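The values are calculated or read from the model by the stated rules, or taken from the named source; none is laboratory data. Keep in mind that this is a model prediction, so the values were computed, not measured. With ideal geometry, Cβ positions are generated from the backbone for all residues, glycine too; neighbour counts draw on all protein chains shown. Just so you know, the surface numbers come from the protein's heavy atoms only, side chains and all, with ligands and any DNA or RNA stripped out. Shrake-Rupley method; radii C 1.70, N 1.55, O 1.52, S 1.80 Å.
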Amino acid sequence: MALITKKIKGTEDVLPKDSYRWQFVENIMRNEARSYGFKEIRTPVFEHTELFTRGVGQTTDVVQKEMYTFDTKGGESVTLRPEGTAGAARAVLEHSLENDGLPIKASYFVSCYRYEKPQAGRLREFHQFGLEEYGTQSPAADAELICAAQSIFDRLGIEQLRLEINSIGCPVCRAEYHQALKSYFEGYTDKLCDTCLSRLDKNPMRILDCKSPICSKIAEGVPKITDFLCDECREHFDAVQKYLDAADIKYTVNPTIVRGLDYYTKTVFEFVTDCIGAQGTVCGGGRYDGLIEELGGKHLPSLGFAMGLERLLMLMDTQGIEIPKPTGCDLYVAAMGENAAFKAFEIIKSVRDSGLIAETDVVGRGLRAQMKYADKIGAKYSLVIGDNELEQGEAEVKNMESGEKTRLALDNTFAEKFSILEITDDKAFKI
Ligand code: HAM
């Protein structure tokens with residue numbers, strides 16, 4: 001029979017045999033976020049469309065071309081989140097989190113949706129880990145955030161990932177820059193694509209993100225934003241670099257980074273690699289001092305970053321970084337006969353209650369097949385219960401690797417005695 005359905009183009013399944021890789025990476029991110037004082041925020045997968053058109057920006061590719069937007073049965077326009085920043089900012093505003101004291105530090109794991117052309121490292125549903133911080137304009141916060149991203153990469157053992165930083169100024173210096181960009185691009189109006197032409201008046205900086213080869217080539221000669229920074233933005237950017245130097249974080253200043261979302265001000269940064277093909281930006285972020293105001297709140301200078309989990313895992317793969325496999329099964333209890341099956345059920349429950357992983361047969365297999373299954377799941381120990389063992393009230397726990405056997409009573413002391421036996425494998429990690 002033909003498959004009823006296949007997954008939607010640009011989406012991926014994470015199968016049970018592979019999910020430990022995600023969990024390992026997520027655990028490191030969660031712990032690192034905690035050590036920098038961030039607490040997790042969870043926001044809905046869909047929001048009012050206007051949140052993204054206003055937050056992310058009308059002239060961005062994300063809003064113009066990539067959003068999954070639909071009308072609900074009640075006639076409201078909603079959008080599946082294309083990123084995590086706007087939703088988190090909305091929640092901060094809606095719940096007046098600034099009343100709990102500043103800065104507010106939030107971390108998140110989100111699935112995101114963008115209708116892009118799928119390719120390696122570019123999906124229509126992808127996953128981000130992000131940190132957002134609200135209520136600080138200090139350059140120390142910019143540097144601290146970059147340090148947090150760097151330390152996650154270090155803990156994961158990732159190499160060949162370069163940090164590129166830039167400042168795209170504030171609305172004051174950006175107005176002057178926009179004018180310079182406009183004059184430059186006006187010399188190429190016969191060559192720019194239609195989207196870029198429509199951006200020329202509204203937001204010429206967005207032309208710098210255009211993926212068309214002709215527009216990208218023209219954009220190579222544009223004036224540099226760093227030549228237009230006002231004193232305050234220049235001082236801020238210099239100070240961010242001094243903090244990064246103090247923390248011994250290596251970076252290069254790349255004046256062509258403008259980021260693809262409209263909310264950024266001052267510092268922007270990306271962690272980029274050449275190891276995973278064309279989609280080499282693993283992490284991107286920066287300051288967005290005007291976003292909360294844009295969404296209707298008070299002035300609350302803020303900043304953040306997000307890293308793509310799929311790209312990160314791809315990079316770890318290409319660099320041969322081994323992710324430790326979790327403990328499979330500590331004890332498999334095979335049973336022969338109905339009474340033995342009840343006893344096995346009782347034993348595994350007590351072993352599980354003691355914090356270990358235990359399994360028994362729930363398929364109705366014979367002994368040979370049960371032992372084959374125990375092998376397949378990599379059980380560290382096995383125990384066979386039949387009529388004899390029930391009669392004697394004892395059975396042999398077998399170490400599946402060494403073959404060593406230990407007799408244990410099948411009573412309420414079993415779990416405790418088994419835990420003493422169980423050797424913690426250094427390489428294994430428990431989820
Ligand atoms: P972004 O650069 O659009 O920034 O996305 C951040 C990261 O998400 C990228 O560096 C990449 O790893 C991953 N990513 C983006 N699009 C895709 C895709 N189609 N397929 C797979 N991975 C993808 C943001 O989203 C901002 N909200 C980051 C931020 C947080 N800025 C401040 N706070």
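The criterion of being farther than 27 Å from Met314 by Cβ, over 15 Å from the mean Cα position of the chain (by Cα), at pLDDT 95 or above and buried (at least 16 other Cβ atoms within 10 Å of the Cβ) holds for Thr53. Please state which of the following conditions Ser350 fails to meet, knowing it meets all the rest: (1) open to solvent by 60 Å² or more (accessible area, probe 1.4 Å); (2) part of a helix (DSSP H, G or I); (3) hydroxyl-bearing (Ser, Thr, Tyr). Only one criterion in (1) open to solvent by 60 Å² or more (accessible area, probe 1.4 Å); (2) part of a helix (DSSP H, G or I); (3) hydroxyl-bearing (Ser, Thr, Tyr) is unmet by Ser350, namely (1). On inspection, Ala219 does not qualify as open to solvent by less than 70 Å² (accessible area, probe 1.4 Å) and touching a residue at least 40 places away in the same chain (Cβ under 8 Å). Residues in region 148-186 that are more than 27 Å from Asp227 (Cβ to Cβ) and surrounded by fewer than 18 Cβ atoms within 10 Å (Cβ to Cβ): 6 in all. Scan region 192-202 and give yes if some residue there is modelled with pLDDT under 95, hydroxyl-bearing (Ser, Thr, Tyr) and part of a helix (DSSP H, G or I), otherwise no. Within region 192-202, one or more residues are modelled with pLDDT under 95, hydroxyl-bearing (Ser, Thr, Tyr) and part of a helix (DSSP H, G or I). Here Ile168 meets each of (1) among the hydrophobic types (A, V, I, L, M, F, W, C); (2) closer than 30 Å to Asp317 by Cα; (3) within 16 Å of the ligand (Cβ to nearest atom) with one exception, condition (2).
Of the residues making up region 96-143, those that are away from the ligand (no atom under 13 Å from the Cβ), in contact with a strand residue (DSSP E or B) (Cβ under 8 Å, 6 or more places away or on another chain) and either closer than 30 Å to Cys275 by Cα or not in a loop (DSSP other than H, G, I, E, B) (or both) number 4.
Residue pairs whose Cβ atoms lie under 6 Å apart, separated by 6 or more positions or on different chains, with the first residue in region 102-128 and over 23 Å from Lys211 (Cα atoms) and the second near the ligand (Cβ under 7 Å from one of its atoms) and part of a strand (DSSP E or B), are Ala106/Glu132; Tyr108/Gly130; Val110/Gln128. Annotation note: Cβ proximity below 6 Å between a residue of region 267-282 that is closer than 14 Å to Val253 by Cβ and at pLDDT 95 or above and a residue that is open to solvent by 30 Å² or more (accessible area, probe 1.4 Å) and within 9 Å of the ligand (Cβ to nearest atom) (sequence gap 6+ or interchain) occurs for Val268/Arg259; Glu270/Thr281; Val272/Thr281. Restricting attention to region 300-347, which residues are crowded, with 21+ Cβ neighbours inside 10 Å and assigned to a loop (DSSP other than H, G, I, E, B)? Result: Leu300, Pro301.
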